Amino acid sequence: MNPLNIVVLGGTGFVGHHLVAALAADGHRLTVVTRARAGHPGLLLPPSARLVELDVHDPDALAVHLHDADVAINLVGILNERGDSGRGFQRAHVELTRSLITACTTSGTRRLLQMSALNAGRGSSHYLRTRGEADALVKQSGLDWTIFQPSVIFGPGDGLFCRFASLLRFAPVLPIAGARVKFAPVHVGDVVEAFRRALARRDSIGQTYELYGPDILTLAEIVNLTARTLGLRRWVIGLPEPLGRLQAEIGEWLPGKPISRDNFRSLQLDSVGGIDGLHRLGIEPTRIAARLPDILDRSTPRQRRLDRCRKHR
């Protein structure tokens, strides 16, 4: 495959920094677009990638950097917004996608790879609703598009196992909403490989790939597995729906929104997939057990040092 000139939106995020590194290793030239360069002081990009700061909602500004691009990749997404009106999700998912499509059309960039989510367009959450609206825009764009719909993504520094690990280290009892909701976590490396293979395959144009792993776990099982892997004894309490809703109401006002009303609405649907996109792309899925110990061991170096100090007291 000849080297491509690729513009990446959302390249500084969890999936983004893995994908940018992989595409750079493949020999592609990359422009990583961000709205705030100062927000990523420790970001290390490969030599073939450059970081550009601009208003990502300005289609004219985007078109300038897309004028000689072969591919645009949109990884932008948020899990929470300020308040609960849906406007933050609408702006991040729908309006940004619309601006990018306009910029691609203006610049002549035909190829668009779009990150979405499993269950996009289903349920009552703002997150899933706006993901579905963005997918519809992409499908109507007239571009050579490919959409990826992952379940929850796991890997070093993730917002799943690593996030629960940080809570479990300090909480002997952890009450959780949506304890029985099922997930099929997909490894970040498999998601990256799906993007790489789609780039190389013309038959991926016009396709939507559901990306999910082979291990189906409830949220309670995910938390318990995290605790066991860390060697911790913890009591995980699945909350009934009224108490889960109350937890989300309280979480709405806590710093960082550990759980929000919209998260709770998303937890009304299992995230397990139906048509295996990894299989369609010829990718052998990564099992959780094969990677989880290393993921958690690498997740919090400072905490590991503190734990070692406590053990030797």
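Only the coordinates and a few stated rules stand behind these numbers; no lab work does. Keep in mind the model is a prediction, meaning the values are calculated, not measured. FYI the Cβ positions are ideal-geometry reconstructions off the backbone, even for glycines, and counts take in every protein chain you see.
Counting other C-beta atoms within 10 Å, and keeping those with at most 16, which DSSP coil trypsin sites (Lys or Arg not before Pro) do you find in region 146-223?
Arg169, Arg180, Arg201
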Karplus-derived 3J(HN,Hα), 6.51/-1.76/1.60, for each residue of region 159-170, Hz, glycine and proline x
x, 10, 5, 5, 5, 5, 4, 5, 6, 5, 5, 10
Only bridges with both residues in region 91-238 count here: give the DSSP antiparallel percent, nearest 5.
10
Can you check what the net charge comes to around Ala289, using other residues whose Cβ is under 12 Å from the Cβ of Ala289 (Lys, Arg +1; Asp, Glu -1)?
+1
Give the percent of DSSP beta bridges with both residues in region 1-139 that are antiparallel, rounded to the nearest 5.
0
I want the local charge near Thr229. Using Cβ-Cβ distances under 13 Å, sum +1 for each Lys or Arg and -1 for each Asp or Glu among the other residues.
+3
Within region 134-285: Cβ-based charge dipole about Cα centre, in debye rounded to nearest 20 (Lys, Arg +1; Asp, Glu -1)
360
For the chain, calculated [θ]222 nm from helices alone, where every DSSP H run of n ≥ 4 adds -39500 (n - 2.57)
-11500 deg cm²/dmol
How high is the relative contact order of region 100-234, in percent, with contacts defined as C-alpha pairs under 8 Å that are six or more residues apart?
27
Mean-square fluctuation maximum in Gaussian network of the chain, Cα pairs under 10 Å, restricted to Ala92, Ala248, Ala25, hits Ala25
What is region 222-304's relative contact order, in percent, from Cα pairs under 8 angstrom and six or more apart in sequence?
22
Karplus ³J(HN,Hα) for region 226-239 (6.51 cos²θ - 1.76 cosθ + 1.60, θ = phi - 60°; Hz, whole; x = Gly/Pro) runs 4, 4, 4, 5, 7, x, 10, 9, 9, 9, 9, 10, x, 7
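In debye, nearest 20: dipole of the chain around its Cα centre with unit charges on the Cβ of K, R (+) and D, E (-)?
1220
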Selected from Val188, Pro47, Phe164, residue furthest toward positive end of dipole (the chain; charges at beta carbon):
Phe164
Net charge near Arg261 (other residues with Cβ under 15 Å of its Cβ; Lys, Arg +1; Asp, Glu -1) is 0
Helix 126-139 sits at what angle to the longest principal axis of the chain, using alpha carbons and giving 0 to 90 degrees rounded to 10?
20
Would you mind checking the tilt of helix 301-311 against the longest principal axis of the Cα atoms of the chain, expressed as 0 to 90 degrees and rounded to 10?
10
In the chain, what percentage of the DSSP-assigned beta bridges are antiparallel, given to the nearest 5?
5
Cβ density ranking, 10 Å radius, fewest first, applied to Asp60, Asp144 yields Asp60, Asp144
Going by C-beta contacts inside 10 Å, put Leu62, Leu143 in order with the fewest on the left.
Leu143, Leu62
GNM, the chain, Cα, under 10 Å: largest mean-square fluctuation among Phe183, Phe170, Phe154?
Phe170
Report the relative contact order of the chain, percent, no decimals, based on alpha-carbon pairs under 8 angstrom and at least 6 residues apart.
17
Quick check: the angle from helix 14-25's long axis to the longest principal axis of the chain, C-alpha only, nearest 10 degrees?
50
